[in-house]
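In what follows, a single structure is set out as structure tokens and then discussed.
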Amino acid sequence: MLELIVISTLNGVLFGMLLFLLSSGLTVIFSMMGVLNFAHASFYMLGAFFGYQLTKWIGFWPALVLAPLLVGAVGMAVERYGLRNTHKHGHVAELLLTFGLAFAIEEIVSMIWGKSPVDYRVPAALDFPAFTIFSTNYPAYKIFMLAISVLIFVALLIALKRTRVGLIVQAALTHPHMVGHLGHNVGQVFMLVFGVGSALAGLAGVIAGPALVTQSDMAALLGPILFVVIVFGGLGSLPGAFIASLFIGLVQTFAVALNGSLASTFGPLDPSIGPSVLTDIWNVTIAQIAPVLPYVLLVVILIVRPMGLLGTRET
Amino acid sequence: MTSTAASASDIAAKSSGQNLRFYGLWVIAAIALVVLPLIFSSGGSLTSFSLIGIAIIFALSYNILLGETGLLSFGHAVYYGLGGFAAVHVMNAVAARGWPIPLPLIPLVGGIGGLVFALLIGWVMTRRAGTVFAMISLGIGELVGSSSLILRSVFGGESGISTDRTALPHIFGWTFGPQIQVYYLIAFWVLVSAMAMYALTRTPLGRICNAVRDNPGRVEFIGYDPHVVRYLAYSFAGFFAGIAGGLAAINFEIANSAYLGAVQSGMVLFATFIGGASYFFGPILGAILVTYLQLGLTSLTSVWQLYFGIIFIGIVMFAPGGIAGLLMMHRPLIRAGTLGMVIPSYLVAALPTLALACGVILSIETVARYTVTGGEGNIVKLLGIPFNTTAPATWGIAAVLVVGGFIVARITWRRIAEAWDRAASIARDRGYLA
Amino acid sequence: MTPAIEVRAVEKHFGNVSIIKDLNLSVAQGERHAIIGPNGAGKSTTFNLISGYLSPSSGEIRLNGNVISGLRPFEINRRGLSRSFQVTNVFARMTVWENVRCAVLWATGHRYAFWKNVDDLPEVRRRTAEILEDIHLSHRRDVPAGLLTYAEQRELEIGITIAGGANVIMLDEPTAGMSHAETERAVALIRRLTEGRTLVIVEHDMSVVFGLADRISVLVYGHIIASGTPEEIRANPKVKEAYLGEEAH
């Protein structure tokens with residue numbers, strides 16, 4: 001039991017940090033530009049596939065640098081040639097544009113790499129157990145993922161506190177209406193922020209690809225969870241997104257690890273009742289409801305605290 | 001005061017003229033629905049018409065949200081699916097217990113299924129509009145979609161729940177076994193639902209929905225609670241989506257988790273937006289087009305969904321009014337007699353635009369088939385011309401068509417814009433354009 | 001007689017910043033009351049508090065003797081108070097006719113009705129036509145509101161505000177940005193349309209204020225420093241010092 005708790009905590013924090021790599025970019029983009037970027041998870045997927053392809057061609061370490069840069073470039077192009085032209089039609093049109101993009105990117109990825117998972121492997125240099133707790137070998141690659149995520153987290157924090165763009169982003173988070181008064185370079189700031197956000201999503205994809213499954217539906221699976229994270233944490237709140245990322249990462253990881261059900265706790269129902277909704281609920285394991293949990297949390301937070309954990313805005 | 005009275009009677013005269021045209025249109029639509037299968041009587045076209053009919057109701061129900069009330073939902077299929085499951089369960093119960101409910105009433109059961117769920121969950125969902133609503137609708141869509149796989153007794157797991165539409169009490173000797181009878185059942189519900197939804201846009205609630213779409217803040221200061229307005233619109237949308245789902249259950253004799261899923265939600269959004277959300281007939285056009293493309297493209301290409309994505313992105317970026325918006329833009333020009341000024345520029349632009357489209361299609365198909373066969377030779381046929389996917393010439397032609405087509409097309413598009421401005425300014429001078 | 005509007009000891013803070021301090025205001029039935037004051041004095045906030053757009057941090061607001069502070073804007077509107085906005089705030093994609101008609105619907109009792117044909121309601125039609133006539137926009141009835149000229153949108157704004165038949169009308173800078181001729185037209189319009197109703201108006205143009213108002217309140221830093229007839233306000237030394245003295249010269 002203790003073993004399960006330790007391992008799941010590690011995995012949960014890891015998943016949470018990955019979620020935060022994505023949700024931080026999504027939050028900043030949403031706060032500054034008012035655009036909920038539906039294609040954010042698609043950039044994550046692009047990162048994984050670029051990483052896979054580049055690893056095949058030039059090796060993992062160059063890919064780790066190059067793939068996020070490529071994804072960032074794609075993101076900047078999307079902002080420059082797509083969103084900027086759509087802006088005049090309003091936020092709904094922008095949201096729809098990113099929705100269409102997410103759809104198209106999924107199709108393009110499955111067209112090029114197929115619909116089944118690709119063989120994106122952990123690099124040999126990191127393919128060893130880092131340590132053994134109880135009887136479980138904890139892979140070094142996961143430690144590496146954790147290290148990268150924490151590194152990026154710290155770098156982001158410094159960038160936010162120390163750089164000019166960082167200050168603008170901070171101001172935008174608290175006073176979204178002031179962004180319009182930034183002056184003539186507002187377009188460049190938007191493009192940069194969108195590019196960095198996409199690159200971070202791409203990086204998350206590159207490092208998550210070998211550990212998880214690199215497949216053309218990975219964006220569609222993760223995208224909705226990202227939205228849950230930023231609604232749960234409170235729209236426009238970076239600390240909120242951080243807490244929500246970790247929380248949802250832990251909840252999902254623990255749920256997957258638990259095999260218990262009401263039936264295993266309280267014993268099976270009387271078989272004479274026959275199949276019904278009750279028996280469905282009675283027999284379902286916690287692991288099976290793991291995919292539903294984030295959305296249950298979403299509904300709960302909407303009823304209890306509609307503005308999210310740390311949200312202040314009524315938008 | 002006399003002039004007020006005069007203008008009021010003017011309006012009365014005008015609206016009675018509109019009423020005549022209005023009823024005329026519905027009669028024509030009804031006749032068309034009756035006659036259609038007599039002209040195209042093959043089994044394939046009957047199936048297509050049935051699917052299009054269901055898609056029309058579904059898209060119109062979606063437009064109660066998007067076009068009328070300004071609510072962008074990413075989870076509308078929830079109501080379609082729940083309507084479908086409600087219909088299947090009631091059909092099975094009717095067949096098993098011998099209740100005297102004939103099949104033609106089953107779509108209403110689907111509608112009630114959708115309505116009940118919308119009433120239950122809608123109050124929380126419609127608290128906010130805009131992006132937050134969009135995200136929540138997505139979350140609820142995922143929630144219901146994932147739950148449907150857990151609650152196997154209700155949703156039948158992966159395989160779904162099947163039914164037999166002929167097992168219900170027959171009326172007028174109709175068994176609803178043959179597709180033609182199902183078609184007429186669907187056609188009837190298409191007409192009834194479309195009329196009801198059109199009528200809804202012309203009620204006090206319908207107009208206040210438009211006001212909420214345009215300016216929810218101001219609505220609060222003319223006595224209305226925008227939350228209630230959104231909730232009511234949401235419930236109506238759920239009801240009509242449920243009818244569409246019920247019809248789908250009858251048509252396919254099965255309901256499964258795909259009914260509720262994200263793909264279904266995405267398709268209805270595509271259909272409505274491509275057709276044009278600002279006009280009542282827009283979603284009808286969109287439903288016809290998208291269903292037709294879906295049926296037609298699947299046999300031609302393996303990447304048909306990509307074409308949907310591209311068409312959708314193109315519409316969002318360049319014609320946010322959809323096809324209906326593009327068509328209706330020309331109305332003032334026709335009235336002012338200046339349409340002739342823009343036609344030549346359209347014709348000039350047609351060629352490079354077509355070349356660009358061919359280039360894009362050739363690139364996509366080449367890449368798609370190249371990767372599927374792992375780099376072996378494969379033939380793409382475009383406009384009757386065979387292209388070898390491994391030949392450098394093919395890649396070159398595709399690149400030339402895309403790049404060259406785009407450069408030339410962009411110039412001709414600018415010419416369209418200029419011609420359009422001239423024609424529009426004359427129309428404005430003549431008082432046909434505000 | 002109970003005053004139409006009575007504001008008692010209302011305060012409004014945003015965080016630590018106090019925008020409105022101990023606000024007291026009384027507007028009699030049928031009175032035309034102007035609120036003036038320098039920029040940032042809290043005039044719009046006062047409007048927002050009375051109309052329910054904001055709720056007061058403390059204090060009490062009464063409409064015709066009944067407490068309305070804390071109610072939502074639509075609840076206050078249903079009790080007979082209607083306001084306009086400083087920034088034009090119409091239904092841009094709907095026609096002029098639809099704009100006014102929407103504002104008539106609640107008051108004529110049709111509410112959320114989904115079983116009535118909106119074109120088939122004689123009372124609604126008559127009132128809408130009357131209001132269009134009143135605001136001189138009958139000839140523009142089929143034009144989407146977003147395509148009107150600025151002055152026309154301001155007139156439509158007034159039309160929407162009075163359409164529900166509320167007996168307390170609040171206009172927030174109705175003539176802002178208008179030319180001299182347009183202003184005169186708008187003042188005549190306001191005078192005519194608010195006949196027999198209570199009017200509260202925020203206005204920067206002193207000729208409008210002194211031409212229209214029966215009483216004037218002067219708001220400075222979220223506090224009313226004087227309230228009285230135009231003559232009293234003109235003669236009040238505190239007002240001269242705090243406000244007129246700076247702006248008039």
Restricting the first residue to the stretch B:413-434 and requiring it to be on the phi > 0 side of the Ramachandran plot and within 14 Å of chain C (Cβ to nearest Cβ), which pairs with a second residue that is assigned to a helix (DSSP H, G or I) and surrounded by 13 or more Cβ atoms within 10 Å (Cβ to Cβ) meet a Cβ separation below 9 Å and a spacing of at least six or different chains?
-> B:431/B:336
Would you be able to tell me the number of residues in the stretch A:21-64 that are farther than 25 Å from residue A:110 by Cβ and out of contact with any helix residue (DSSP H, G or I) (no Cβ under 8 Å at 6 or more places or on another chain)?
-> 2
Does any residue in the stretch B:323-340 that is within 21 Å of residue B:272 (Cβ to Cβ) and touching a residue at least 12 places away in the same chain (Cβ under 8 Å) come within less than 7 Å, Cβ to Cβ, of a residue that is part of a helix (DSSP H, G or I) and of a type outside the set (Gly, Ala, Ser) six or more places away or on a different chain, and which pairs are these?
-> B:323/B:274; B:323/B:285; B:324/B:285
Output the residue which, of all residues in the stretch B:66-80 that are farther than 25 Å from residue B:219 by Cα and in a helix (DSSP H, G or I), is nearest to the other protein chains (Cβ to nearest Cβ).
-> B:78
Of the residues in the stretch C:95-105, those that are out of contact with any Lys or Arg (no Cβ under 6 Å at 6 or more places or on another chain) and either crowded, with 22+ Cβ neighbours inside 10 Å or touching a residue at least 60 places away in the same chain (Cβ under 8 Å) (or both) come to C:99, C:100, C:101, C:103, C:105
Which of the residues that make up the stretch A:83-103 are assigned to a helix (DSSP H, G or I) and without any contact (Cβ under 8 Å) to a residue 24 or more places away in the chain?
-> A:85, A:86, A:87, A:88, A:89, A:92, A:93, A:96, A:97, A:100, A:103
Check off (1) of a type outside the set (A, V, I, L, M); (2) within 14 Å of chain A (Cβ to nearest Cβ); (3) surrounded by fewer than 20 Cβ atoms within 10 Å (Cβ to Cβ); (4) free of Cβ contacts under 8 Å to residues at least 60 places away in the same chain for residue B:366 and give me the number that stays unchecked.
-> (3)
Return the only residue of B:149, B:108 being at the interface with chain A (Cβ under 10 Å from one of its Cβ atoms) and at negative phi.
-> B:149
Considering only helices (runs of 4 or more DSSP H) fully contained in the stretch A:233-315, which possess at least 3 residues that are within 9 Å of another protein chain (Cβ to nearest Cβ) and of a type outside the set (D, E, K, R)?
-> A:277-283, A:293-304
Residues in the stretch B:121-135: is at least one within 14 Å of another protein chain (Cβ to nearest Cβ) and assigned to a strand (DSSP E or B)?
-> no
Residue that is surrounded by the fewest Cβ atoms within 10 Å (Cβ to Cβ) [pool: residues in the stretch C:83-92 that are at the interface with chain B (Cβ under 7 Å from one of its Cβ atoms) and over 11 Å from residue C:148 (Cα atoms)] | C:89
Residue check, residue C:6 against (1) surrounded by fewer than 16 Cβ atoms within 10 Å (Cβ to Cβ); (2) touching a Ser or Thr at 6+ places or on another chain (Cβ under 7 Å), all met but one. Which one?
-> (1)
All helices (runs of 4 or more DSSP H) inside the stretch B:213-290 with 3 or more residues being within 20 Å of the chain's Cα centre (by Cα), within 14 Å of chain C (Cβ to nearest Cβ) and at pLDDT 95 or above | B:226-252
Among residues of the stretch A:182-215 being over 23 Å from residue A:248 (Cα atoms) and in a loop (DSSP other than H, G, I, E, B), the residue nearest to the chain's Cα centre (by Cα) is A:185
Restricting attention to the stretch C:76-93, which residues are touching an Asp or Glu at 6+ places or on another chain (Cβ under 9 Å), farther than 29 Å from residue C:40 by Cβ and at pLDDT 95 or above?
-> C:91
How many residues does the stretch B:185-212 hold that are surrounded by fewer than 21 Cβ atoms within 10 Å (Cβ to Cβ), more than 10 Å from chain C (Cβ to nearest Cβ) and of a type in the set (Ser, Thr, Tyr)?
-> 1
How many residues of the stretch A:231-287 are closer than 26 Å to residue A:21 by Cβ and surrounded by 17 or more Cβ atoms within 10 Å (Cβ to Cβ)? The answer is 25
Scanning the stretch A:40-94 for residues that are within 29 Å of residue B:318 (Cα to Cα), of a type in the set (S, T, N, Q) and surrounded by 16 or more Cβ atoms within 10 Å (Cβ to Cβ) gives A:42, A:86
Can you tell me which residue within the stretch C:50-82, out of those that are free of Cβ contacts under 8 Å to residues at least 40 places away in the same chain and of a type in the set (A, V, I, L, M, F, W, C), is surrounded by the most Cβ atoms within 10 Å (Cβ to Cβ)?
-> C:76
Evaluation of residue B:381 against (1) surrounded by fewer than 17 Cβ atoms within 10 Å (Cβ to Cβ); (2) part of a helix (DSSP H, G or I) (one fails), failing number = (2)
Closer than 30 Å to residue C:128 by Cβ, surrounded by 17 or more Cβ atoms within 10 Å (Cβ to Cβ), modelled with pLDDT of 90 or more and of a type in the set (S, T, N, Q), is that true of residue B:163?
-> no
Yes or no: residue B:169 without any contact (Cβ under 8 Å) to a residue 60 or more places away in the chain, more than 14 Å from every other protein chain (Cβ to nearest Cβ) and out of contact with any His (no Cβ under 7 Å at 6 or more places or on another chain)?
-> no
Considering residues that are polar (S, T, N, Q) and outside any helix (DSSP H, G or I), the number found within the stretch A:5-57 is 1
Can you tell me which of A:79, A:106 is among the acidic types (Asp, Glu), more than 21 Å from residue B:370 (Cβ to Cβ) and in contact (Cβ under 8 Å) with a residue 40 or more places away in the chain?
-> A:79
Number of the condition not met by residue A:155 [criteria: (1) at pLDDT 85 or above; (2) exposed (fewer than 12 other Cβ atoms within 10 Å of the Cβ); (3) of a type outside the set (S, T, N, Q); (4) under 24 Å from residue A:52 (Cβ atoms)] | (4)
For residue C:31, which of the numbered conditions (1) touching a residue at least 60 places away in the same chain (Cβ under 8 Å); (2) more than 25 Å from residue C:188 (Cβ to Cβ) fails to hold?
-> (2)
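So that you can scan it fast, the table gives a plain yes or no per residue for (1) surrounded by fewer than 19 Cβ atoms within 10 Å (Cβ to Cβ); (2) at positive phi; (3) touching a strand residue (DSSP E or B) at 6+ places or on another chain (Cβ under 7 Å); (4) not in a helix (DSSP H, G or I):
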site	(1), (2), (3), (4)
B:292	yes, no, no, no
B:306	no, no, no, no
B:311	yes, no, no, no
B:317	yes, no, no, no
B:320	no, no, no, yes
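The values are calculated or read from the model by the stated rules, or taken from the named source; none is laboratory data. Just so it is clear, the model here is predicted, and its values are computed rather than measured. All Cβ positions, glycine included, derive from the backbone under ideal geometry; neighbour counts span all protein chains shown.
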